[in-house]
Amino acid sequence: MNPLQPATVPLLGRHLVEASAGTGKTYTITTLFVRLVVERELEARQILVVTFTKAAAAELRDRIRTRLREAIAVLDGCTGDPVLAEVAARWSDPSRARARLAGAVADFD
């Protein structure tokens, strides 16, 4: 089985992300979330992310919010995660992408 590449995986359909602890599941999920907000123009409330405990759900929600902010920082010219930089480089309208990401952060707050 090939590892899921969050920067390039097609965003159509459903994706199951399962693996052992410490293998990058949360990183993958948060990157896919960012891409769905910008590339598929989904609202945060339209994206379903499921985990097994309330504590895990709270942590995942915080990590998604942080990842959205990191993507905004990349668009603002800050150096950061190379995967986010790769993803953001493909966005044809960075100002629209930034607005969508900021809207998603606001939806979380």
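The values are calculated or read from the model by the stated rules, or taken from the named source; none is laboratory data. Remember, predicted model here, so these are calculated numbers, not experimental data. Every residue, glycine among them, receives a Cβ derived from its backbone with ideal geometry; neighbour counts consider all protein chains shown.
Key figures for this structure:
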item: Test: residue in the range 42-52 that is hydroxyl-bearing (S, T, Y) and more than 18 Å from E70 (Cβ to Cβ); result: yes
item: Complete set of residues in the range 26-47 that are surrounded by fewer than 16 Cβ atoms within 10 Å (Cβ to Cβ) and either modelled with pLDDT under 90 or more than 19 Å from A106 (Cα to Cα) (or both); result: Y27
item: Residue in the range 88-102 that is exposed (fewer than 13 other Cβ atoms within 10 Å of the Cβ) and under 14 Å from the mean Cα position of the chain (by Cα) present; result: no
item: Pairs, first surrounded by 15 or more Cβ atoms within 10 Å (Cβ to Cβ) in the range 48-68, second outside any helix (DSSP H, G or I) and of a type in the set (S, T, Y), C-beta under 7 Å, six or more apart; result: L60/T51
item: Residue within the range 5-25 that is in a helix (DSSP H, G or I) and surrounded by 12 or more Cβ atoms within 10 Å (Cβ to Cβ) present; result: yes
